[in-house]
């Protein structure tokens, strides 16, 4: 039985998504044309943004995201025991037709993905099972016996949204983190717990 394309093209006007999915699976196809056992085509790459200290991109079928990580030094009190991590996830209006119509709750999606990525770095924020061991330890971002720490600032941009954005954004972040390198401090010397840079 063939899937009725008019139902798939306008599911919000005619039927709920679950009814569309059930209807299409009876015909042996998902709404995007894949069979029930067929996986989405996936691709992942890293290290392609020259202005970032780490970058990654993931594409899963028609959903894609890119992530850039910037690494910078900051001075903190000696009592600080770890570095800093921040993450920003964005879904621009051009990533989806539904985004332009205001049908994607961007804030909710962005906040949930930001929380999940933060959980991979600092387990215990939302107590997600299986994330007890962080991808990196923030304690390792402190330069020993100094009052300097590394700050990691991750920016994730969903460039094309057609479902399953969580996996794609997290995949892009992990690829960026894998390629991340601290900047070389050219012309800087370490003297008495201070970085002195020649201008």
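Listed here are the residues, each with its yes/no results for (1) modelled with pLDDT under 90; (2) farther than 19 Å from residue 89 by Cβ; (3) touching a helix residue (DSSP H, G or I) at 6+ places or on another chain (Cβ under 7 Å).
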residue	(1), (2), (3)
139	yes, yes, no
148	yes, yes, no
153	no, no, no
156	no, no, yes
168	no, no, no
173	no, no, yes
181	yes, yes, no
task = Could you list, in sequence order, all residues of the stretch 42-83 that are within 19 Å of residue 154 (Cβ to Cβ), in contact (Cβ under 8 Å) with a residue 12 or more places away in the chain and not in a strand (DSSP E or B)?
result = 47, 49, 51, 52, 53, 82, 83
note = Filtering the stretch 115-136 for residues that are modelled with pLDDT of 85 or more and out of contact with any helix residue (DSSP H, G or I) (no Cβ under 9 Å at 6 or more places or on another chain) leaves a count of 3
note = In the stretch 54-85, anything touching a helix residue (DSSP H, G or I) at 6+ places or on another chain (Cβ under 9 Å) and loosely packed, with under 13 Cβ neighbours inside 10 Å is listed as 81
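The values are calculated or read from the model by the stated rules, or taken from the named source; none is laboratory data. Remember, it's a predicted structure, so these values are computed and weren't measured experimentally. Note that we place each Cβ from the backbone using ideal geometry, even for glycine, and neighbour counts take in every protein chain shown.
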